[in-house]
Amino acid sequence: MQNANLELTQAKEWNQRENVKLNDSFNDLEQSYKKREREMELLMIKLNELDSEKNKSNLRILKEREQFKIKLAEMKKEKQLVLDNLEQSYREVKFLKTTLNTKEEAFRDKIEHLIS
């Protein structure tokens, strides 16, 4: 019976040691899980920050693109105005040249008439 009690005591002690080991292992695993969980939370925060920065950057790019389109449209209007003015100037020069040629011919005719 003493052997049985001794074995029982030894089994209880072994069981307690194993329980302590299991509790330590469980605590280690729990701490590791909490650490990983916190790392995951930090990574999600960083990911959200990066997404926010990306969205801000995309908005900035879209705004710049719109401003560029507006500027390009303004430049096209200015170009068309310059072309229109150039065409008008060309017509005026052509008209003045024609007028000058006509007056020159009339002047020549007068001179020829006066000479003859």
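Derivation of every value follows stated rules applied to the coordinates shown; laboratory data play no part. Keep in mind that this is a model prediction, so the values were computed, not measured. With ideal geometry, Cβ positions are generated from the backbone for all residues, glycine too; neighbour counts draw on all protein chains shown.
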Which angle from 0 to 90°, rounded to the nearest 10, does the C-alpha axis of helix 2-115 make with the longest principal axis of the chain? 0 degrees
I'd like the distance between the alpha-carbon centres of the range 1-55 and the range 63-100, rounded to an integer number of Å. 78 Å
Principal axes first, then extents: for the Cα atoms of the range 56-116, list largest minus smallest coordinate on each axis, whole Å, largest first. 88, 9, 6
Charges on Cβ only, +1 for Lys and Arg, -1 for Asp and Glu, centred on the Cα centroid of the range 1-103; of MET75, GLN31, ASN48, which one is farthest towards the dipole's positive end? MET75
From the mean inverse distance of alpha carbon pairs (Kirkwood) and the Cα radius of gyration, derive Rg over Rh for the chain. 1.97
List nothing, just return the count: lysine pairs in the range 11-81, 8 or more apart or interchain, with Cα separation under 19 Å. 10
Please state the charge dipole magnitude for the chain, taken about the Cα centre, from unit charges on C-beta atoms (+1 on K and R, -1 on D and E), reported in debye and rounded to the nearest 20. 620 debye
Give me the orientation-averaged projected area of the Cα convex hull of the range 1-68, in nm², one decimal. 4.7 nm²
